[in-house]
């Protein structure tokens, strides 16, 4: 394996927008590891160095956890403050958010908290009048103005400093983790700009979430710390192990796990732990729980409720059309969002607050409009287990506002996603689902109350019992909608656990998620991230795609029947000039090396980039290497007199173990091999003779063709 | 691919104790699927058949879920009843367990529930005396007698009817899922006998758990329903997809996921859902929660507590020595267990009850001995948030009993595991960890109470505050110990969530699990299941083993340097007699086919079993095929006059796409290929010439050799 010795700089690196070779990166790392281990016996200093090397993985994870946890906390605090800044300001300290401002005030009853004197709306501050039409209009105007300012700042920062910072970043990260190179996508500038613009975009009130972009931010952190350790900075494969760290959810890892050892999963957990720890210390949620929406219901669910749950699943599946429309102007959308959102209380507040309220069960002390039920006057005192009650006027009012909010959210989210600012789909999709769920939940509850003699309610809902929990419907709806959009059904249920801490409700969640997946699959096989990857033409081989067509390797390999013959090098009869001509005339990424053109027996594969570098290097530094020198890939080269052109020995850049399949191999198997081993290319032979080559691009194009898609959409190799 | 046409029976099947070829099974299934799809356009009947075929996966999962859920419920009820039967009997209905018996009684206060008149201990029933030394001795004697009876029945049933029913079954199931064939291991008899003897073994009070064997029972259910559908019964690969269903935990699936499509994970969740549903309907835990030990603590944990948590991890790691001792007589162990367990209240009760009590936080109404704290007389009324209190005599008493129980459990579990009855390690390991954890927890609590001026306590524990929750320590200890034994650290944390519903305590659990893994790794790299697989010599290629040695394929392949040459067939010059001699003289599982012995160009691979069957079939049914007939693997065979021996065409059993690597391929890559593609064998070539062969057995032997283990321990292919 002497080609691993890196005899001159840059051998074994890759170009931008190319795919890495996993097997090669892996064996390079093993080699490096062996070298360090054998050296470590020589001296104490080497031993310390080898220990440091062994621990560097954990150190990197610790650093990633610390930084990304800190960033997440800072972003949360900043978003809280800036969201409230659109409405008013804290007089005691302008850097306090509404909640922090009133937290420190002396008002002690719960209702007064929201109206503490230190917190003043803009109109009150500027005109002295807190109420009245004029104040409302002024507040409304300033709200829209602030929103426009924030989104303008966000979009200009992204455009000027870091174009890669826009969008959620998840599709690109999936592609990068699978072995594609996009330089700068995880760079320092992207990290900085994405963090700042994410705060601005979320605060502007646009219908977008911060979860997806946070994953991108965390991956940038990973990349940043990679460059501190040569173990990671010099190996694209190891680098990807670190970058995968922020992908905490075990099942999302499953998707890329073919290339990573199990140890990586383990370390990722460690990083997540540190991040959670850091976040807890900063404590942006104001409580000591690590879950975003803590829910606790007192009622179990009933079999009959599965029907509406499944209906919610159908709804969730249908909303996958989200985000397929072209990009519109950020400012216009922000303006429309702000103008339309302000009058409706359910759209004015931040989306996570909205979801939190929709998930909530109506306790006895709840003051929300959604909980304006007519209480039974005979009921002596508020208890935990409140029976179903008829809805009051507040609830009916809330229903109308929710219906409007639902339409608004769906439309505006479609226009928001795909804009050139950091944006996630997680929270907006959940909000859409949660609103629909809550509406259905209230409807079922009222039906059950007014018609408990109907057959469907008879068995499980006696009068005066607490049968239906509308909050649970909201949760199920959120899960269904998220499932429809991202299509990550199983991991989704796990994420919903993590977000809500509810373990009881796995069955309704599962039912809704399965239905939503089925319905969405009927509309189109791919989730939003996969569609995005395809739109960009990235070479991403999805673990989930099953290839079941009856084609063979011989149908896919190049050269095709009428093409010119395969460009090959011979082991001992090609001159430097021949090689240079070949490199100039073709744009292949590498060339197979054969014994002779007659026998076509394959001996290895050489990368174009390595070949170019090696020849350039040899021409500069090696005496007697000229255009007519013969290139030798054999172990020995003949000794020639010094006056003759000297042979150029290139065995060290030759990959002696290229991957081969026979021409009869079913493409199903070939796809499997590419997917599981992370290959760039594979050579095709018949009874020992080299016939052709299949690259990752060929495989993806063939798959696109078989699915009646445009094969030209696959652009990179 | 005409060898898939199954021209005569049994082609493409495997022998007992052999490994299947995943790629071949997969392409056979794709072929079957394509055939059905193309037929479905012919008639409505065919369309219905194809739809049935497509849905059969879900139907099988539904049936598995129903049956395994029912069995789990029945086993739970039966174990409850028989465990109580050792102590006494219910007078109102003898088939009631203690809890069910007293549930229906009229006593309403909580304390009296345990002492309801319908439930009589044996001594009371037989002599009329409930108290006194004589009654104690009689109860003791009968307790031991019942235990001996149960375990005797269990061991004899296993020995006579189903020897495969013993042990936990997890190591064998892991091996089977990875592609090994052990006929009868998942059969009907094993299912029946394992269910019955599991109840008997658990009821006898032996220190064993039922979780592992339950997985085996569920896998047997899967196999049972497989045989109903030809899609599954005829394809060993698809069969394994169904069998993997009961392995619910996403991360345990990760380990075998290389061979299965993601759809399988999805269906497994469905099966688990149905099973959970069925179990809920039978409702053995008497509440509507699906978690085994529901815990709810009111106190957060503190940073400083991480130190004892980590110490628990160290303890957990050390107990991995469990289960390495030889098999002892079941009856003797049962006798000793029963005799020693009865006097100590913590070992007399069932292990899951014990764990449940150890996990519990001491509420104000708790009557357990473990909660006998000295209450502050100034405290007006019992509240949820009880401050730390000094321990009363009951707690000190309990501490001694727990210490004895700890020693007893460790020793007896070592002797119990490996006995020839169904037994799991899950619950016993958790019990050992929980006891140790609770002891540490109480110690820390008392230190914090008596010395809250010490530096370590100063920052987080004011006098009169509730700082330490001993139940949490028990939970952490249980996780640590389980992690040490099974070494499935990450999945473990997920399982602990599932078991306890506690989401808050992820950090202490993680800290303990990591430490326990590190300590255990220092003692030996493998978990208890992996050691077991190795002891049995099964060919299991662990996903976690990393191979980092610098050997090449040429060092591992056979023939070795001094061996006779590789046994090959030629494509058109071997006679039937030659083939028969080759089969008789060697015991290889297959033979490479080359163009000619001189050129050594590989054209395919033929399985020994297929070859034997094909020749036998041809000699019986095909005219003119005699010993001197020439075997043709080419597409055309010469037309010979009828008087001559007729050629035997065998291209249809030839695998035209055998897997090849070059002799320079690092073994690291070869191991990766075997692991990820599920190969049986791989051919080694150099510049198109066939050099040798590497089988899965060779790979495993080489890995054992590199780790300084005995390569002869790998027995099967």
Item to check | All-pairs alpha carbon distance profile, region A:142-203, 10 Å steps from 0, percent | outcome: 23, 45, 24, 7, 1
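Which of B:166, A:219 has the fewest other C-beta atoms within 10 Å, and how do the rest follow up to the most?
B:166, A:219
So if we plug the beta-carbon distance of residue A:140 and residue A:70 into 1/(1 + (r/R0)^6) with R0 = 41 Å, what FRET efficiency do we get, rounded to 0.05?
Rounded to the nearest 0.05, the efficiency is 0.70.
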Checklist entry - Of the peptides A:184-193, B:419-428, A:80-89, how do they stack up when ordered by the mean number of other Cβ atoms within 10 Å, highest first? => result B:419-428, A:80-89, A:184-193
Item to check | Mean separation of Cα contacts under 8 Å, 6 or more apart, over the residue count of region B:602-717: relative contact order % | outcome: 19
Checklist entry - If you count, for every residue in A:651-661, the Cβ atoms of partner chains within 10 Å of its Cβ, what is the mean? => result 4
Checklist outcome for this item: Mean per-residue count of partner chain Cβ within 10 Å for B:14-26 equals 1
Checklist entry - So, by mean Cβ neighbours within 10 angstrom, what's the order for B:560-568, B:226-234 with the highest one leading? => result B:226-234, B:560-568
Next on the checklist: Run the numbers for residue A:39 and residue A:709: contour at 0.36 nm per residue of separation, minus the present Cα-Cα distance, in nm.
Outcome noted: 235.9 nm
Checklist outcome for this item: In this structure, the FRET efficiency calculated for residue A:46 and residue A:652 from their beta-carbon separation, with R0 = 30 Å, to the nearest 0.05, is 0.70
Item to check | Relative contact order (%) - criterion: Cα under 8 Å, at least six apart; region: region B:129-231 | outcome: 33
Checklist outcome for this item: Output field shielding_mean for B:665-673 (other chain Cβ, 10 Å radius) holds 5
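Rounded, prolate or oblate: pick one for region A:553-713, where a ≥ b ≥ c are the square roots of the eigenvalues of its C-alpha gyration tensor, a/c under 1.5 means rounded, and failing that, prolate if a/b is larger than b/c, else oblate.
Numbers: a/c = 2.48, a/b = 2.10, b/c = 1.18.
Taking the square roots of the gyration eigenvalues as a ≥ b ≥ c, region A:553-713 is prolate.
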Item to check | Virtual spin-label span in nm between residue A:639 and residue B:536, 7 Å along Cα→Cβ | outcome: 6.2
Checklist entry - Going by how many other Cβ atoms sit within 10 Å of their own, how do B:400, A:119, B:146 line up, fewest first? => result B:400, B:146, A:119
Next on the checklist: Considering all alpha-carbon pairs of region A:194-243, what whole percent are spaced by more than 17 angstrom?
Outcome noted: 45
Checklist entry - If packing is taken as the mean number of other Cβ atoms within 10 Å per residue, what is the order of B:176-183, B:132-139, highest first? => result B:176-183, B:132-139
Item to check | For residue A:561, label point 7 Å along C-beta direction: distances to other copies, nm | outcome: 5.1
Next on the checklist: 7 Å from Cα along Cα→Cβ at both residue B:340 and residue B:562: what's the point-to-point distance in nm?
Outcome noted: 5.3
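Where a number appears in this text, it was derived from the coordinates with a stated rule and is not lab data. On a predicted model such as this, the values are computed, not experimentally measured, just so you know. Cβ atoms come from the backbone with ideal geometry, glycine included; neighbour counts cover every protein chain shown.
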